[in-house]
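Following: one structure in structure tokens, then a few remarks.
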Amino acid sequence: MASNRSFKDYVADRFYNEVFAAIQSYTTDNYDDLDLRLYRVRNIGGIELSDIEVKFVSVNDLPDMKIEFDIVVEAELEVRESDYHYDESENCRQWFMLKCTGDLDCNLDDFTISSVTEYTSKNKQPKPMSDSLVPIIYKEQLESVATDFLRRHYPEALKTPMAIEPQVLAEKMGLTVEMREITKDFSVFGQLYFHDCDAVFYDEDSDEMVQTHVDARTIIVDPKAFFLRNLGSVNNTIVHECVHWDQHRKAFELERLYNNSLTRIKCQVVGGIKDNSRDATDWMEWQANALTPKIQMPLAMFKTQAFKYIKQFRTELGTSELIDVMEPVIDALATFFCVSRTAAKIRMIDAGYEEAIGTFTYIDGRYVKPHRFKKGALEKNQTFSIGAEDAAIQGLTNPTLSALVRDGSYQYVDAHFVLNHPKYVTQDIFGETVLTDYARNHMDECCLIFDLSIKSGCKERYHSECFLNRDETSDIAFDIVYGRGYQHASPEKKAEMLAAKLMEENRIYGELPTNYHTSLKIVREWKDVTFKELAERTMVNERTIRRIVNGEEQGSLNSIILICLGLHLPPRISYHIINNSPFRLNFHNNNSHIWYDFALTYLYPQTMDEIRAFLLKQGADPL
């Protein structure tokens, strides 16, 4: 579809003569009543219309392909004096409004002007359309537009919870669905044909594009959608095209008035119409993307079904905690409504279940357990969950975050920065460090918040919802920035909980000399760990550890880091020891050192097995 088509320009060009004639006859018949600003002429003897300019057209959507529209025109009038003693005439300008109707099914050949009046103010249209004839729908109106769509095409889905059968919906709307390959690379998943035409499709047998006749009102879906995606996405594609047919035929017909050869809309895999960056198209895609899940899962019926599943899984799993049943409920709803898991998850959030935000999150390829927080604790573009690499970059480059976490009060657990306190952090039966159940249910109390912005992989508007779906299939790269999120863990609470621990650490820190061997001796005794235990934890020879601690051997950067981690020393104490040794971490030339720093700062309370597994996953040299 070509440049942004303007209905105003089309009307001004095509109906210039009709509009001119209507204003001319109106001024001729009513010049006594006209409110003209005249300076020289006292009594109007005659009036001539010399030129008109269409200022804007305000459109109201009507059923089928009909529209009504107000054309607002500035007219240039030449006014003559009636008294022949004064041979006066003057030019003046006046705005008029013409109420018109027309039907796009017959290319507006039935264009009618029903009234002409002097323009006073813009008429507010009940169902306004843009200048490209795309319905103007605000975010808050999406639910009612979706309900209206179902009332007209699939009313039974508003009476009892059910999956919408896309083939049935298409049939009810007089559309036909055909499965056939569209492109070789699956870059287009669905196409909707408004008019008969000959189109080219990819043919697997001959491995080339083949021309075929397609009838009007046909939806083509690429069967690869079944294999590359899932049934949910095939259903979604068909409903998506039905929305285009219902909402966007007028915009399409306007395009045809400009360019007769146009026959179809094609929808790209990322959303957004292919080969195009214009606004009307973006809006049509945004509307189809936003309305489709709301049509597939009408809110009232969705809530009814969700409530039923919550009750069922609470009984089956023997729990009263909403967060413990949220994932099975979302999966059951996805299956019931034949939609994707992500669509069902986002609908749960629409339905007011904020607990759904913390479900099905995958970070660094690992599943993050469901978590919840106080209503309103997170903005749409914020998260508690952050990948290791982003965490490392933020830890090094963000001074506010560094200052906050370098005292060892937070550790990095299960993709979250969490207050380092037994109330929030514990060991599971395998000895892995995990969040406590309390922490998972009160993330706003103990975890830092990060701001997300999209870096690559998609258009901003289409992915306004994707912050909520950082799931395993998401191929969107996020920029993550630490955003002063610790306002939720109140300083009093943090101080009170960590006071005793930090006081003890401060006492030890104050006792440490500049000699790193002596410092190691003091902290080993403070932590009450035997040389044998330390050797087992660090996999460093017991005799070597003794010699380093006793000052008989210099050691190496790796062995000192291992001893600090093996003793679970807070970051300040580890850095006091390392900085007083002959060794330094080098962030500029050594990637592994960035991860050692991360481990010393955020993972120090964890077991050596966990720390080693983490470093291995990040590709750091083994310690």
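Contact map, the range 555-569: first residue touching a residue at least 60 places away in the same chain (Cβ under 8 Å) and closer than 14 Å to MET539 by Cα, second residue of a type outside the set (Asp, Glu) and not in a helix (DSSP H, G or I), Cβ cut-off under 8 Å, separation 6 or more or different chains; pairs are ASN558/LEU623; ILE561/LEU623; LEU562/MET539; LEU562/VAL540; LEU562/LEU623. Screening the candidates ASN30, ASN4 for the property of being at pLDDT below 85 and not charged (D, E, K, R) yields one hit, ASN4.
Table: residues versus (1) touching a helix residue (DSSP H, G or I) at 6+ places or on another chain (Cβ under 6 Å); (2) in a helix (DSSP H, G or I); (3) over 15 Å from MET608 (Cβ atoms).
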site: PRO513; (1), (2), (3): no, no, yes
site: THR518; (1), (2), (3): no, yes, yes
site: LYS521; (1), (2), (3): yes, yes, yes
site: GLU536; (1), (2), (3): no, yes, no
site: ARG547; (1), (2), (3): no, yes, yes
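Residues satisfying the criterion are absent from the range 331-350 (criterion: more than 26 Å from LEU158 (Cβ to Cβ) and either part of a helix (DSSP H, G or I) or not hydroxyl-bearing (Ser, Thr, Tyr) (or both)). Residues of the range 427-449 that are of a type in the set (D, E, K, R) and over 14 Å from ALA415 (Cα atoms): ASP428, ASP437, ASP444, GLU445. Here THR315 fulfils each of the conditions (1) of a type in the set (S, T, N, Q); (2) under 30 Å from GLU156 (Cβ atoms); (3) outside any helix (DSSP H, G or I) apart from (3). Identification of strands (runs of 3 or more DSSP E) wholly contained in the range 413-452 with 3 or more residues that are touching a helix residue (DSSP H, G or I) at 6+ places or on another chain (Cβ under 8 Å) and either of a type in the set (Val, Ile, Thr) or closer than 22 Å to LYS375 by Cα (or both) yields 416-419.
Conditions tested, residue by residue: (1) out of contact with any helix residue (DSSP H, G or I) (no Cβ under 9 Å at 6 or more places or on another chain); (2) modelled with pLDDT of 95 or more; (3) among the basic types (Lys, Arg).
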residue: ASP105; (1), (2), (3): no, no, no
residue: PHE111; (1), (2), (3): no, yes, no
residue: TYR138; (1), (2), (3): yes, no, no
residue: VAL145; (1), (2), (3): no, yes, no
residue: HIS153; (1), (2), (3): no, yes, no
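Against the numbered list (1) touching a residue at least 24 places away in the same chain (Cβ under 8 Å); (2) surrounded by fewer than 22 Cβ atoms within 10 Å (Cβ to Cβ), GLY376 comes up short only at (1). Within the range 579-601, identify whether any single residue is of a type outside the set (A, V, I, L, M), modelled with pLDDT of 90 or more and touching a strand residue (DSSP E or B) at 6+ places or on another chain (Cβ under 8 Å), and answer yes or no. Looking for residues that are of a type outside the set (A, V, I, L, M), modelled with pLDDT of 90 or more and touching a strand residue (DSSP E or B) at 6+ places or on another chain (Cβ under 8 Å), one finds at least one in the range 579-601, hence yes. Looking across the range 173-195, just one residue is out of contact with any strand residue (DSSP E or B) (no Cβ under 8 Å at 6 or more places or on another chain), surrounded by fewer than 16 Cβ atoms within 10 Å (Cβ to Cβ) and modelled with pLDDT under 85, and that is ASP185. Checking each residue in the range 196-208 for being surrounded by 14 or more Cβ atoms within 10 Å (Cβ to Cβ) and either out of contact with any Lys or Arg (no Cβ under 8 Å at 6 or more places or on another chain) or aliphatic (A, V, I, L, M) (or both) picks out ALA199, ASP203. In the set VAL72, VAL59, only one residue is under 35 Å from the mean Cα position of the chain (by Cα), aliphatic (A, V, I, L, M) and under 23 Å from ALA251 (Cα atoms); that residue is VAL59. When LEU262 is tested against (1) assigned to a loop (DSSP other than H, G, I, E, B); (2) of a type outside the set (S, T, N, Q); (3) modelled with pLDDT of 80 or more, just one condition goes unmet, and that condition is (3). Criterion first (modelled with pLDDT of 95 or more and of a type in the set (A, V, I, L, M, F, W, C)) does ALA332 satisfy it? Considered against the rule, which asks whether it is modelled with pLDDT of 95 or more and of a type in the set (A, V, I, L, M, F, W, C), ALA332 comes out as yes. Screening ASN123, ASN60 for residues that are within 29 Å of ASP148 (Cα to Cα) and modelled with pLDDT under 95 leaves exactly one candidate, ASN123. Going residue by residue through the range 438-447, is there one that turns out to be basic (Lys, Arg), surrounded by fewer than 18 Cβ atoms within 10 Å (Cβ to Cβ) and not assigned by TED's automatic domain parsing to the domain that holds THR601? No: the range 438-447 contains no residue that is basic (Lys, Arg), surrounded by fewer than 18 Cβ atoms within 10 Å (Cβ to Cβ) and not assigned by TED's automatic domain parsing to the domain that holds THR601.
Go through the range 284-323 and give me each residue that's within 21 Å of ASN441 (Cα to Cα), in contact (Cβ under 8 Å) with a residue 24 or more places away in the chain and surrounded by 16 or more Cβ atoms within 10 Å (Cβ to Cβ). Across the range 284-323, the qualifying residues are ALA306, TYR309, LEU322, ILE323.
Taking the range 589-604 as the range and being under 14 Å from GLN411 (Cβ atoms) and either of a type in the set (A, V, I, L, M, F, W, C) or out of contact with any Gly (no Cβ under 9 Å at 6 or more places or on another chain) (or both) as the test, the residues that pass are PHE598, ALA599, LEU600, LEU603.
Considering the range 90-110, and only residues there that are in contact with a Lys or Arg (Cβ under 8 Å, 6 or more places away or on another chain) and aliphatic (A, V, I, L, M), the residue that is surrounded by the most Cβ atoms within 10 Å (Cβ to Cβ) turns out to be LEU108.
Looking only at the range 385-409, which residues are modelled with pLDDT of 80 or more and assigned to a loop (DSSP other than H, G, I, E, B)? Matches in the range 385-409: SER385, ILE386, GLY387, SER409.
Exactly one residue among GLU143, GLU171, GLU181, GLU156 is of a type outside the set (Val, Ile, Thr) and not in a helix (DSSP H, G or I), and that residue is GLU181.
The values are calculated or read from the model by the stated rules, or taken from the named source; none is laboratory data. Note that the structure is a prediction, hence the values are computed from the model and not measured. With ideal geometry, Cβ positions are generated from the backbone for all residues, glycine too; neighbour counts draw on all protein chains shown.
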